[in-house]
Structures are given as C-alpha cells and as structure tokens.
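Inspection log for the structure reproduced underneath, given as structure tokens.
The values are calculated or read from the model by the stated rules, or taken from the named source; none is laboratory data. Keep in mind the model is a prediction, meaning the values are calculated, not measured. Virtual Cβ from ideal backbone geometry, glycine too; neighbours counted across all protein chains shown. Note: accessible area is taken over every heavy atom of the protein model, side chains too, but ligands, DNA and RNA are not part of it. Shrake-Rupley method; radii C 1.70, N 1.55, O 1.52, S 1.80 Å.
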Amino acid sequence: MSKIILIGFMGCGKSTVGKRLSYAFRKPFLDTDKIIEKKANMTISELFEEKGEAYFRDMETACIKELMKESGEYIIAVGGGLVLRSENRRLLKELGHVIYLRALPDTIYERLQKDSTRPLLQGDNPKEKIRTMMSERAAVYEEAAQFIVDVDGKEFEEIVKEIGEKIL
Ligand code: S3P
C-alpha cells in the first residue's frame with residue numbers, strides 16, 4: 001500500500017473516512033486544512049477573511065509539496081478545493097492513490113446546513129451555492145481521481161471496506 005489521498009466536496013466525509021482508514025490500516029491520518037491552520041496559526045475562515053482565497057490556495061500547493069518529501073505511508077484528506085489547480089492534481093497522482101468520495105448535493109446540504117466553518121458556503125442560499133459549485137467541480141474531481149466511491153446512503157464502514165478492496 002502507498003499513501004491514500006481522499007478528495008471530494010466539503011462535507012463528503014473525507015475526515016471521518018480518513019480517520020477510519022487510519023485506524024484500519026494503522027497509518028497516520030493527516031488533513032491539509034489542519035496542517036495549514038497550524039502553520040498559519042489561524043482558522044480557515046480567518047485565513048480567507050484576512051489573507052484571501054488566493055493566499056490560502058498557495059498554502060495548499062506548498063503543503064502538498066512539503067508532503068511529497070515525506071517517505072512514510074499515511075492517509076490524507078485534502079481540502080475540497082485543492083484539486084482545482086492542475087498542478088496540485090498532478091502532484092497528488094504522484095503522491096499515491098487518489099480516491100474521490102462522490103456525494104450528491106442533497107447529501108452535502110444535509111450535512112453542512114448548520115456549518116459555519118466553510119467560508120465559501122456562508123451567506124444566502126447555501127443549497128444553490130452547493131449545487132453550482134458541485135456541478136462546476138464534478139469533472140475536476142473525476143479527472144483527479146484514480147478511484148471513485150459513491151458515498152450517498154452508505155455507512156462509513158462500507159465506504160472504508162470499498163476503499164480497502166480497491167487499493168489492496
Ligand atoms: C474548501 C474546502 C474546505 C477548506 C476551505 C475551502 C473548498 O475543506 O479547504 O473552506 O474550496 O472546497 P473541506 O473540504 O475539508 O471542508
């Protein structure tokens with residue numbers, strides 16, 4: 001097994017699935033948002049507000065480049081927008097198995113309707129924002145992925161099992 005990288009829209013379950021995979025495979029779990037928050041000493045929302053999205057996106061690319069230097073195996077969840085840059089998609093493919101956790105907009109809305117930590121989904125009509133962003137990004141996620149796992153209506157255990165079957 002090499003590194004497992006989880007991609008997908010906000011709220012698709014990357015962190016939960018990642019933590020469970022980490023337990024199942026006894027490998028460390030990493031999360032680019034958490035690494036960036038620690039490095040910047042700010043939350044993602046503060047970073048977007050004080051430094052802007054472009055600054056955050058540069059930090060994401062820098063984070064992936066740093067991870068490329070690590071030789072060990074690990075499971076990593078990457079921020080939902082990290083794959084928007086083609087350079088990042090290329091780097092992720094070099095890094096390991098890229099798994100896209102694909103969800104329907106209604107699933108995401110259900111999970112995130114009370115969330116206040118995703119700056120891109122704040123403001124009026126989050127349901128519409130989710131739909132628009134997901135349709136804009138769908139092809140990019142698919143292009144970035146080695147494997148796609150549909151998550152709607154599935155227990156986390158089932159998702160973890162499916163990933164295990166694909167990569168082992
Ligand atoms: C973003 C996803 C978030 C976080 C930031 C931007 C995006 O990560 O990086 O709010 O553009 O999709 P999660 O996918 O972990 O929520």
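Computed values, structure above
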read-out	value
Accessible surface, the range 117-168, averaged per residue in Å² (probe 1.4 Å)	60 Å²
Area of Thr43 that stays accessible when all protein chains are in place (1.4 Å probe, Å², to 10)	60 Å²
Accessible area (Å², 1.4 Å probe, nearest 10) - Lys129	60 Å²
Tensor-based shape of the range 4-44 (alpha-carbon gyration tensor, a/c under 1.5 rounded, otherwise prolate or oblate)	oblate
Computed lengthening from Phe147 to Asp58, 0.36 nm per intervening residue step minus Cα-Cα distance	29.4 nm
Helical mean residue ellipticity (222 nm; -39500 (n - 2.57) per DSSP H run of 4+; nearest 500) of the chain	-17000 deg cm²/dmol
Vicinal HN-Hα couplings computed from phi for the range 39-55 (Karplus, 6.51 cos²θ - 1.76 cosθ + 1.60; Hz; Gly/Pro x)	5, 7, 6, 8, 7, 4, 4, 5, 4, 4, 6, 8, 10, x, 5, 4, 4
Gain on full stretching of the segment that runs from Lys65 to Ser15 - 0.36 nm per residue minus C-alpha separation	15.9 nm
Magnitude of the charge dipole, the range 23-70, Cβ model with Lys/Arg +1 and Asp/Glu -1, debye to 20	400 debye
Out-of-range pairs (alpha-carbon distance over 22 Å; input Lys65/Lys161; Lys3/Lys114; Lys14/Lys51; Lys14/Lys114; Lys27/Lys166; Lys65/Lys127)	Lys65/Lys161; Lys3/Lys114; Lys14/Lys51; Lys65/Lys127
Listed residue (Leu30, Met59, Phe156) projecting farthest to the positive dipole end of the chain, Cβ model	Leu30
Two-decimal Rg/Rh across the range 25-168, once Rg and the Kirkwood Rh are taken from alpha-carbon atoms	0.95
³J(HN,Hα), Karplus 6.51/-1.76/1.60, whole Hz, each residue of the range 11-21, x for Gly, Pro	x, 7, x, 4, 5, 5, 5, x, 5, 5, 5
By accessible area with a 1.4 Å probe, ligands and nucleic acids excluded, highest first: order of Glu155, Glu66	Glu155, Glu66
Rounded, prolate or oblate (a/c below 1.5 giving rounded, otherwise prolate when a/b exceeds b/c) for the range 65-114 by Cα gyration tensor	prolate
Relative contact order %, the chain, counting alpha carbon pairs below 8 Å whose residues are six or more apart	35 percent
Two-site label geometry, Glu165 and Glu110: point separation in nm, points 7 Å out along Cα→Cβ	2.2 nm
Modelled FRET efficiency - R0 22 Å, Ala138 with Ser86, Cβ distances, 0.05 increments	0.90
Amide H contacts under 5 Å for Ile76, placed H, 5+ residues apart	Ile4, Ile5, Leu6, Leu30
Residue-level accessible surface for Ile148, protein heavy atoms, 1.4 Å, Å²	60 Å²
